[in-house]
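J.: Okay, here's the structure, questions in a sec.
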Amino acid sequence: MKSLQDKINYNFKNDKLLELALTHTSYANEIKGRESNERIEFLGDAILELISSEYIYLNYPKLSEGEMTKTRAYAVCEESLAELANNYGFSDFLLVGKCEEKIDGRYRNSILADSVEAVIGAIFLDGGLDEAKNFILSWVVKKVKEYLTKGSNDYKTTLQEKLQIHGDVKIEYKIVDETGPEHNRLFTAEVFCDGKLLGKGNGKSKKEAEMEAAKEALNMMR
């Protein structure tokens, strides 16, 4: 666990809190009396929302409530949290049950994202709000800036606006293919408008594949 603490730049006074944060329900269920990270994840989720909201509110006074909500949603979504977990190598330290291990559960985005929130909760209990804030802002700041500079590249929203300019139409995204192991999936998505295929795209997440499909549809329209 020491190497993980070095990576996240926080040394726990109580290592048991970090171990708890990395204990998935599947592992806890196999050992009598073992606690999972569900409760501490609940705490971390609340702290993450508070700190990210405060940062956006204080640093971007011109953003409306709706824009702040979208920005926060991007910065702390499951995909962003899983990306952070992968950068720090959380999967190497996660405690998962035998069944989850067999299906590469330690690499699932949902489990990785939950573990990040649990670690936030653990840091808060071990070192207080300021330490949790330091950890959160070390990556949330980057994600917020990324969204606000690339927000115009929200191809799905742009495509929807263009297609609905003359009235409502049915826009539908379908995941038509999945390849690769659980921890390194490649998804293929197609986008349709009133049943007509407009574009196709690939990505390492369903969201990314849909975005690429929308991007191709926009390019075809141009």
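J.: Here is a list: Y88, Y74. Which entry is of a type outside the set (S, T, N, Q) and open to solvent by 50 Å² or more (accessible area, probe 1.4 Å)?
T.: On the way: Y88 fails: open to solvent by 50 Å² or more (accessible area, probe 1.4 Å).
Only one candidate qualifies: Y74.
J.: I'd like the residue in the range 144-174 that is part of a helix (DSSP H, G or I) and under 9 Å from A214 (Cβ atoms) and, out of all such residues, is least open to solvent (accessible area, probe 1.4 Å).
T.: In the first step, residues of the range 144-174 are kept if they are part of a helix (DSSP H, G or I); the result is 144-153, 155-163.
The next check asks that each one be under 9 Å from A214 (Cβ atoms); those that pass are 155-160.
Numbers: Y155: 49, K156: 59, T157: 60, T158: 40, L159: 0, Q160: 91 Å².
Here the answer is L159.
J.: When you scan the range 16-41, how many residues do you find that are open to solvent by 50 Å² or more (accessible area, probe 1.4 Å) and part of a helix (DSSP H, G or I)?
T.: Here the count works out to 5.
J.: If you don't mind, there's one more thing I want to ask. Would you check which residues across the range 71-120 are over 23 Å from I56 (Cα atoms) and basic (K, R) and list them?
T.: Hits for the range 71-120 are K98, K102, R106, R108.
J.: Which residue out of S115, S138 is in a helix (DSSP H, G or I) and open to solvent by 70 Å² or more (accessible area, probe 1.4 Å)?
T.: Values: S115 fails: open to solvent by 70 Å² or more (accessible area, probe 1.4 Å).
It is S138.
J.: Here's a follow-up. Could you check, for the range 94-106, whether at least one of its residues is surrounded by 20 or more Cβ atoms within 10 Å (Cβ to Cβ), over 14 Å from the mean Cα position of the chain (by Cα), at pLDDT 90 or above and in a loop (DSSP other than H, G, I, E, B)?
T.: Looking for residues that are surrounded by 20 or more Cβ atoms within 10 Å (Cβ to Cβ), over 14 Å from the mean Cα position of the chain (by Cα), at pLDDT 90 or above and in a loop (DSSP other than H, G, I, E, B), one finds at least one in the range 94-106, hence yes.
J.: Among the listed residues G66, G44, identify the single one that is touching a Gly at 6+ places or on another chain (Cβ under 6 Å) and either part of a helix (DSSP H, G or I) or touching a residue at least 12 places away in the same chain (Cβ under 8 Å) (or both).
T.: Of G66, G44, the one residue that is touching a Gly at 6+ places or on another chain (Cβ under 6 Å) and either part of a helix (DSSP H, G or I) or touching a residue at least 12 places away in the same chain (Cβ under 8 Å) (or both) is G44.
J.: Okay, next question. Filter the range 1-15 for residues that are in contact with a helix residue (DSSP H, G or I) (Cβ under 8 Å, 6 or more places away or on another chain) and assigned to a helix (DSSP H, G or I); which is farthest from N87 (Cα to Cα)?
T.: Kept after step one, since they are in contact with a helix residue (DSSP H, G or I) (Cβ under 8 Å, 6 or more places away or on another chain), are these residues of the range 1-15: 1, 4-5, 7-14.
Of the ones still in play, those that are also assigned to a helix (DSSP H, G or I) are 4-5, 7-8.
On the way: L4: 11, Q5: 13, K7: 9, I8: 10 Å.
The extreme case among them is Q5.
J.: Could you tell me which numbered condition K13 fails, if it satisfies all but one of (1) surrounded by 14 or more Cβ atoms within 10 Å (Cβ to Cβ); (2) touching a residue at least 60 places away in the same chain (Cβ under 8 Å)?
T.: (1)
The values are calculated or read from the model by the stated rules, or taken from the named source; none is laboratory data. Predicted model only: the values in this text are computed from it and were never measured. All Cβ positions, glycine included, derive from the backbone under ideal geometry; neighbour counts span all protein chains shown. Surface accessibility is based on the protein's heavy atoms, side chains included, excluding ligands, DNA and RNA. Shrake-Rupley method; radii C 1.70, N 1.55, O 1.52, S 1.80 Å.
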